[in-house]
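Nothing in this text is a laboratory measurement; each read-out follows from the coordinates by a stated rule. Bear in mind that the values here come from a model prediction, so they are computed numbers and not experimental data. As a convention, Cβ positions derive from the backbone with ideal geometry for all residues, glycine included, and neighbour counts pool all protein chains shown.
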Amino acid sequence: MFKNHISKSRRRSHSKVLEVRVMSPRIAWFGFLKFAGGLTKLALILAVITGIGWGVWLGVQHAFYNNPDFRLQVIELNANPVIDEVGLAKTAEIDLTANLFTIDVKEVERKLKSLPAIAEAHAERHLPGTLVVQVTARTPRAWISCPAVGLPEVRHAGAMLVDRDGIAYPCPELQLESALRLPAIQLPASGGTPIVAGQKIQQPELAHCFHLLDSACEADPEATQWVESVKQVNEWSLLLVTRQGTAATFGVGDHDRQIRSLRVAMDHSSAKGYVIETINLIPKHNVPITVRNETPAANAVPVPAARPAAVLVKRRAPSTHN
């Protein structure tokens with residue numbers, strides 16, 4: 001037992017000596033050199049990759065960004081009533097001497113869509129030097145007037161228009177001619193829901209006026225040509241004024257029937273040679289009207305004939321109402 005114990009002790013001592021010899025400074029130095037060599041190889045590989053990447057980048061710069069063949073030569077813009085090529089370049093801040101690849105098409109789209117009169121915009125590059133831009137302009141439904149908040153005037157560039165979705169926007173110069181004959185909707189002031197260009201109008205009166213205009217256009221596609229203005233007078237009535245100056249009172253509902261009655265009355269007045277001053281279309285029978293003692297204007301838009309309806313006529317002296 002004693003001999004076995006001594007043999008084990010000697011073997012452990014011998015192992016410690018071997019470990020000391022293995023961990024000598026010379027062996028550690030060689031290990032460090034091996035590690036450093038590995039790092040050097042890795043650094044060389046990275047340097048080669050970086051050099052290749054730099055060369056590729058320089059090649060791309062020379063082949064595309066610095067190539068005069070890809071200089072911007074044409075801006076191709078679809079026909080629209082909002083913006084032309086000059087306005088596009090100004091709005092999108094496009095350098096007309098720039099290389100086509102330096103133009104950020106997404107930024108061009110963003111800046112165009114920031115214009116309230118533009119609903120959508122798309123831009124793309126067509127090699128070698130054409131920037132193609134497609135814009136979707138808002139289609140105006142009516143002019144917006146709100147004297148209480150500083151929007152008293154309509155039918156000029158910069159005055160407020162509203163599209164079918166209820167989005168308000170200033171009338172662009174290019175859209176003025178086509179929008180001149182649109183009716184005007186007068187809205188009341190509302191401190192909680194101001195009218196902001198590019199945003200949806202929140203006043204509920206707008207929906208009531210839209211509904212009346214829709215009914216008029218369904219009965220006569222040319223209705224927007226003889227409707228001058230519409231506004232909600234109170235909670236139960238709307239006032240429509242024609243180009244001839246006829247003031248027609250409507251309820252907030254039953255517009256189809258009331259439009260038919262208005263067309264009948266206007267057709268009758270045109271045939272008989274008098275002009276309606278006021279008409280209240282809310283009653284279903286014996287519709288009351290007042291007339292002016294003058295003939296209709298020569299350039300007035302005629303209203304198509306409809307089925308007869310009973311009217312109660314009250315004549316009054318000539319007035320200066322237009």
Please find the FRET efficiency linking Lys113 to Val74, where r is the Cβ-Cβ separation and R0 is fixed at 22 Å, and quote it to the nearest 0.05.
-> 0.50
Straight-line reach check, Lys90, cutoff 17 Å on alpha carbons, 8 or more apart in-chain or any other chain, hits among aspartates and glutamates -> Glu76, Asp104, Glu107, Glu109, Glu173
Mind listing which trypsin sites (Lys or Arg not before Pro) in the range 63-123 are in a DSSP loop and have 12 or fewer other Cβ atoms within 10 Å?
-> none
Each label sits 7 Å from Cα toward the beta-carbon; between Ala148 and Leu39 the label points are separated, in nm, by 7.8
Per the rule of 0.36 nm per residue minus the C-alpha distance, extending Asp214 to Ala157 adds in nm 18.0 nm
Subtracting the Cα-Cα distance of Asp254 and Thr50 from 0.36 nm times their residue separation yields 65.8 nm
For Val275, the residues 5 or more places away or on another chain with a placed amide H closer than 5 Å to its own amide H are Arg292, Glu294
Nearby aspartates and glutamates by direct alpha-carbon distance to Lys272 (threshold 14 angstrom, same-chain neighbours under 8 apart not counted) = Glu294
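Quote to one decimal, in nm, the extra length available between Ala207 and Leu180 on full extension: 0.36 nm per residue of separation minus the C-alpha distance between them.
Result: 7.6 nm gained on full extension.
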Pull up all non-local amide H partners of Ile289: gap of 5 or more, or a different chain, and H-to-H distance under 5 Å with H placed in the peptide plane.
-> Leu312, Val313, Lys314
The ³J(HN,Hα) series, computed from each phi in the range 201-215 with the Karplus coefficients 6.51, -1.76 and 1.60 at θ = phi - 60°, rounded to the nearest Hz and given as x for glycine or proline, is 6, 9, 4, x, 4, 4, 4, 5, 5, 4, 5, 5, 5, 4, 5
Exceeding the 29 Å Cα-Cα cut-off - candidates Lys113/Lys231; Lys111/Lys200; Lys111/Lys231 | Lys113/Lys231; Lys111/Lys231
Label His122 and Thr97 with points 7 Å out from Cα along Cα→Cβ: what is the distance between them in nm?
-> 3.4
